[in-house]
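Before I ask anything, here is the structure I am working with.
The values are calculated or read from the model by the stated rules, or taken from the named source; none is laboratory data. In this text, all values refer to a predicted model and were calculated from it rather than measured experimentally. When we count neighbours, we look across all protein chains shown, and the Cβ atoms used for this are built from the backbone with ideal geometry, even at glycine.
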Amino acid sequence: MSMNITILCPRLKFTRFLVGLLCLLSLSCLASGTQNDAATAQDLVKVIFHPQGQRLINTMIQKRDWHGRVCLHDLDRQFHPDYQPPIGRIIFSIDNDGVTEYPSPGDYFQNCHLDIKGAITSQSTEPLQPFVDRQGLLGCALTGCTNNDLSGFYVEDHDDEGDWKYRTIALSFHPESQLLIEKVQGLGPNQHISHHNLGQTLAFTYPQQKGDQINLSGIWRQTFYQKNGIEYRCLLISPNAIKLGPQHQPNCPAQINNYREDISAQFPAMWWRNNPEPYAQLAQLNTSVTWYDAEQGRQIVSWEYLPAGERWDQGILYRLQQQKIRAQDGSETLQLLYASEFTKQHHEIKTK
């Protein structure tokens, strides 16, 4: 089975906590979850998800390669026929017959880029029996999954068919959106691993009908976090244009005549606006992108979005302007320069 099933088999329950604004603006927090720390034992064993019989998607975003180099989606190359983004995808389902994988791009990466040689080209089914006694999505699929099954933080340190795994895995499940989040972080070399082992992956698992058609059209308030305070501006976002409305106020009007100036050129990082359909995919809203600006030079923006609402369109979208810092060992980190957030205030636009 080609699927990276670590997301499906957590081992230990962990306590979630918030560590300030920078954590709130980082998907390292999403793996911590947003559920109440005071969950009772009954809450932990209550069935919150029934994956059996559903077609599911496992989308993974390569955040760093094994060298520790930051993985960025290059917008200047995105339309080149040989270019592959740092995003993988597997479509699968679980039933009494086992785990079935369907044709999909796969989850094999060559450093930061998806390796299309690892694509799944035909449907195949493998037995579920080896996993039924484990915690996680595969272990609970036939009986229903509890919060305890789908949340955890643990360290893997074992031989995986000749490929030693030494890494942390953090998972969190959000019942309202039926979204399972996994963050995997390599822990460096040990006695079994001689390379850097600094890879980092963010993965989402969700029902197929969710996650690929997130409608971001509407009136949004963009909030800028600055040293001297907070600033606001109102935006009308549509597939055709982004128009500027009132500024310096926290509440945005719903009437379309308040939005006249087209400022679409200010948002090259919103790469989902180039989709053939007027929707964004969850992976696109959680990817770091880069491009070259003729006036400002190399630009790096990371997007982070945790879905909310039945249609996944009521979450907060974070935009992180960053720069890349390289250490002496060749590993890289992204340093935050400034941040803003987008909150949808009106789904329906009024003409008057």
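Would you confirm whether any residue within the range 34-49 is modelled with pLDDT of 95 or more, more than 17 Å from the chain's Cα centre (by Cα), in a strand (DSSP E or B) and on the phi < 0 side of the Ramachandran plot? Full working, then the answer.
Filtering the range 34-49 for residues modelled with pLDDT of 95 or more gives none.
For the range 34-49, residues modelled with pLDDT of 95 or more, more than 17 Å from the chain's Cα centre (by Cα), in a strand (DSSP E or B) and on the phi < 0 side of the Ramachandran plot: absent.
What are the residues in the range 69-92 that are acidic (Asp, Glu) and in a strand (DSSP E or B), if any?
Residues of the range 69-92 that are acidic (Asp, Glu), as a first pass: 74, 76, 82.
Scanning the range 69-92 gives a single hit, Asp74.
Also: Could you tell me whether Pro253 is in a loop (DSSP other than H, G, I, E, B) and either free of Cβ contacts under 8 Å to residues at least 60 places away in the same chain or touching an Asp or Glu at 6+ places or on another chain (Cβ under 7 Å) (or both)?
Details: in a loop (DSSP other than H, G, I, E, B): yes; either free of Cβ contacts under 8 Å to residues at least 60 places away in the same chain or touching an Asp or Glu at 6+ places or on another chain (Cβ under 7 Å) (or both): yes.
It is true that Pro253 is in a loop (DSSP other than H, G, I, E, B) and either free of Cβ contacts under 8 Å to residues at least 60 places away in the same chain or touching an Asp or Glu at 6+ places or on another chain (Cβ under 7 Å) (or both).
If you check Leu282, Leu236, Leu244, which single one turns out to be surrounded by 14 or more Cβ atoms within 10 Å (Cβ to Cβ), aliphatic (A, V, I, L, M), out of contact with any Cys (no Cβ under 6 Å at 6 or more places or on another chain) and part of a loop (DSSP other than H, G, I, E, B)?
Details: Leu236 fails: part of a loop (DSSP other than H, G, I, E, B); Leu244 fails: part of a loop (DSSP other than H, G, I, E, B).
Checking each option against the conditions leaves just Leu282.
Give me the pairs, please: first residue somewhere in the range 105-121 and assigned to a loop (DSSP other than H, G, I, E, B), second residue anywhere and charged (D, E, K, R) and loosely packed, with under 14 Cβ neighbours inside 10 Å, beta-carbon distance under 8 Å, and either six or more positions apart or on two chains.
If the second residue must be charged (D, E, K, R) and loosely packed, with under 14 Cβ neighbours inside 10 Å, the pairs left are Tyr108/Lys117.
Turning to a different aspect of this structure: Suppose we filter Gly88, Gly106 for residues that are surrounded by 15 or more Cβ atoms within 10 Å (Cβ to Cβ), out of contact with any Phe, Trp or Tyr (no Cβ under 9 Å at 6 or more places or on another chain) and not hydroxyl-bearing (Ser, Thr, Tyr); which single one remains? I'd like the intermediate steps shown before the answer.
Working: Gly88 fails: out of contact with any Phe, Trp or Tyr (no Cβ under 9 Å at 6 or more places or on another chain).
Result of the check over Gly88, Gly106: Gly106.
Ok, one more. Considering the range 215-231 alone, what residues qualify as being part of a strand (DSSP E or B), within 26 Å of the chain's Cα centre (by Cα), within 22 Å of Gln321 (Cβ to Cβ) and not basic (Lys, Arg)?
Initial filter on the range 215-231 (part of a strand (DSSP E or B)): 218-226, 229-231.
If we keep only those that are within 26 Å of the chain's Cα centre (by Cα) as well, we get 218-226.
Checking which are within 22 Å of Gln321 (Cβ to Cβ) leaves us with 220-226.
Scanning the range 215-231 gives Trp220, Gln222, Thr223, Phe224, Tyr225, Gln226.
I'd like the full set of residues that are acidic (Asp, Glu) and either touching a Cys at 6+ places or on another chain (Cβ under 6 Å) or surrounded by fewer than 17 Cβ atoms within 10 Å (Cβ to Cβ) (or both), limited to the range 203-233. Walk me through it before giving the result.
First, pick out the residues of the range 203-233 that are acidic (Asp, Glu): 212, 231.
Passing the criteria: only Glu231.
Select, from Gln345, Gln314, the only residue that is farther than 21 Å from Cys112 by Cβ and either in a loop (DSSP other than H, G, I, E, B) or in contact with a Ser or Thr (Cβ under 6 Å, 6 or more places away or on another chain) (or both). If you could, list the steps in order and put the result at the bottom.
Details: Gln345 fails: either in a loop (DSSP other than H, G, I, E, B) or in contact with a Ser or Thr (Cβ under 6 Å, 6 or more places away or on another chain) (or both).
Going through Gln345, Gln314 in turn, the sole match is Gln314.
Residues in the range 184-209 that are touching a residue at least 60 places away in the same chain (Cβ under 8 Å), in a strand (DSSP E or B) and out of contact with any helix residue (DSSP H, G or I) (no Cβ under 7 Å at 6 or more places or on another chain): how many? If you could, list the steps in order and put the result at the bottom.
First pass over the range 184-209, keeping only residues touching a residue at least 60 places away in the same chain (Cβ under 8 Å): 184, 186, 195-208.
Applying the additional criterion that residues be in a strand (DSSP E or B) yields 184, 186, 200-207.
Of the ones still in play, those that are also out of contact with any helix residue (DSSP H, G or I) (no Cβ under 7 Å at 6 or more places or on another chain) are 186, 200-201, 204, 206-207.
Qualifying residue count for the region: 6.
Name the residues in the range 321-335 that are of a type outside the set (Lys, Arg) and in contact with a Ser or Thr (Cβ under 9 Å, 6 or more places away or on another chain), would you?
At the first step, the residues of the range 321-335 found to be of a type outside the set (Lys, Arg) are 321-323, 325, 327-335.
Hits for the range 321-335 are Gln321, Gln322, Ile325, Ala327, Leu334.
Could you identify the single residue in Thr125, Thr146 that is touching a helix residue (DSSP H, G or I) at 6+ places or on another chain (Cβ under 7 Å) and either closer than 30 Å to Asn240 by Cα or β-branched (Val, Ile, Thr) (or both)? Write out each step before concluding.
Details: Thr125 fails: touching a helix residue (DSSP H, G or I) at 6+ places or on another chain (Cβ under 7 Å).
Among Thr125, Thr146, only Thr146 is touching a helix residue (DSSP H, G or I) at 6+ places or on another chain (Cβ under 7 Å) and either closer than 30 Å to Asn240 by Cα or β-branched (Val, Ile, Thr) (or both).
Every residue in the range 291-342 that is hydroxyl-bearing (Ser, Thr, Tyr) and surrounded by 15 or more Cβ atoms within 10 Å (Cβ to Cβ), please.
So in the range 291-342, the residues hydroxyl-bearing (Ser, Thr, Tyr) come out as 292, 302, 305, 318, 331, 333, 338, 340.
Within the range 291-342, Ser302, Tyr305, Tyr318, Ser331, Ser340 meet the criteria.
Same structure again: Scan the range 210-226 and report the pairs whose first residue is closer than 15 Å to Ala339 by Cβ and whose second residue is charged (D, E, K, R), with Cβ atoms within less than 6 Å and a gap of 6+ or a chain change.
Gln222/Arg233; Thr223/Glu341; Phe224/Glu231
Looking only at the range 238-264, count every residue that is more than 20 Å from Glu341 (Cα to Cα) and aliphatic (A, V, I, L, M) and tell me the total.
Residues in the range 238-264 being more than 20 Å from Glu341 (Cα to Cα) and aliphatic (A, V, I, L, M): 1 in total.
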